[in-house]
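Down below is the structure, laid out as structure tokens.
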Amino acid sequence: MKKYKYYIYPVIILFFVLILSIFKLHGSSMGFYNVLLNGNTRVEGHIYGEPRAVRSDEYVVSTPLLISQDINDEPVVNEDVGTGINLGVNYDKPTRTIFALFKPSQFTFFLSNNIEFNFAFYWWAKYAIMLIGVYLLTLKLTKKNVLLSVFTSLLFLFTPFIQWWLPLELIGFISFAIYFFLNIVDTKEIKYTILNTLGLAYSLISFGLILYPPFQISLAWVALLLCLGYVIKKRKEVFERRNLLRIGIAVVSSVLITGLFAYLFYTRFTDVIDIISSTVYPGSRFISAGGGSLDWLLNGSLNILLQKTSNGVHSGIGNQSEASNFFLLSIFLIPWIAYKNIIRKKKMKVDWLSISLIVVIFLFLSWYFLPLPDWFSRITFLYMVLPERLFIGIGFASYLLIPIFLNNNMYRFNKEKRTDKLIVILSFLLTYLVHYLIVTKIYLFANDFFKSPQILPP
């Protein structure tokens, strides 16, 4: 039983996906058409919540195209739109190409003609990919701490940024990719190395096909630094000759497989990709560093107010999705983590996982706040990332920092040490002061934002 306890959470998630799909339940805002036509938010089949106008990308564009694709047997070129639209590069639309193998949330579209079931499965499978991916990654990072792994997975689920933007598969597949890489580093058996190599390649291909650089670049930096931190942590084992050769072959093989499918994808859809690359956003626009806002960065604790549409948003932000964020309180753990690592440095017991995440957070915050030269933006590819799109990278790194912090005894508070007391007090005061100033400023300039505090919509 001890061995199988790690699979209970993923099995429960998959069970709920199946049940919700069978009952044809989903979270689409397509009910907003009833608001537009009849002025009524309640329709038959509406169970909970309310359709959101800001979800127009979903109910005006994405869902109708998805249904059209299913009705027409998933063509690459959909003739229902104008003179035809090529959907081969759209990750969230099912098309009958080899690349459909890397879109697990859409598998039922090719196996069933029940549109409602297919759509419900598609809706919830994306959540499953994120929840299971984050769970497995955290399980690996915490040496199989199940409770912390479940907690971290659910923390992502209930984060405003995730619920408003739904970058579920992006976070899920990058989590799987990191997980498989860490397994490659740890395992010494050839058969498991092969399986993890294939898993890494599959995850990278799926992640790459989503084609949204602002989010992908942010998450890729977190993955790169975290993997580097893990390699440094395991450097003695990694740099043994046999292990180094095995890991090198596995990683190169994954990259080659990913590169092969990237080449096939580009040659198949060259014209469409070239057109997208020539657009202002997310194509050819250049974003310079230093355009970030502290109010926007640390507004996560106020995101509960976004649930009430009449509250509007604050600080000149465009809409609720744009205003949403992660709960970034763990950023204020950085002084404590740095202090504990400094005093442990002499004993050669540095926590490289936390250090790697702190480095990437500092990279993002430096680019977010400081007017760094354009060459820096270019070599880091951050010139393709709007400041507010960087939140997904900062949030991903800061959330992974939490279970690593809680699982490591070196970060325990020692009440006998004055330095420990001083740093804890200063960190608490800094956290309180920063949030107090932000909330006060927002209240002064956008007090309507606070007029209807509400935990959940009716």
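Every read-out reported here was derived from the displayed coordinates using simple, explicitly stated rules and does not represent laboratory data. Quantities reported herein were computed from a predicted structural model and do not represent experimental measurements. Heads up, the Cβs are rebuilt from the backbone with ideal geometry, glycines too, and the neighbour counts pull from every protein chain shown.
Data table
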{"quantity": "Around LEU426: net Lys/Arg minus Asp/Glu count, Cβ-Cβ under 15 Å", "calculated": "+3"}
{"quantity": "Radius of gyration and maximum dimension Dmax of region 294-406, Cα, Å", "calculated": "16.4, 56"}
{"quantity": "In Hz, Karplus ³J(HN,Hα) per residue of region 111-118 (6.51, -1.76, 1.60; θ = phi - 60°; x = Gly, Pro)", "calculated": "10, 9, 9, 8, 4, 5, 5, 4"}
{"quantity": "Stretchable slack from LEU111 to ILE19, in nm (0.36 nm times residue separation minus alpha-carbon distance)", "calculated": "31.4 nm"}
{"quantity": "Tally of Lys pairs whose C-alpha atoms are under 27 Å apart, taken over region 294-450, 8 or more apart or cross-chain", "calculated": "17"}
{"quantity": "Three-way shape label, region 1-143, alpha-carbon gyration tensor, a/c 1.5", "calculated": "oblate"}
{"quantity": "Convex hull (Cα only) mean projected area of the chain, reported in nm² to one decimal", "calculated": "25.2"}
{"quantity": "Rounded FRET efficiency, nearest 0.05, which uses the C-beta distance separating LEU224 from LYS191 and R0 of 22 Å", "calculated": "0.20"}
{"quantity": "Trypsin sites (Lys or Arg not before Pro) lying in DSSP loop within region 380-458, provided at most 13 other Cβ fall within 10 Å", "calculated": "ARG412, LYS415, LYS417, LYS451"}
{"quantity": "Shape category assigned to region 143-184 from the gyration tensor of Cα positions, a/c cut at 1.5", "calculated": "oblate"}
{"quantity": "J(HN,Hα) series, region 174-189, from Karplus relation 6.51 cos²θ - 1.76 cosθ + 1.60, nearest Hz, glycine and proline x", "calculated": "5, 5, 4, 4, 4, 4, 5, 5, 4, 5, 4, 5, 7, 6, 10, 8"}
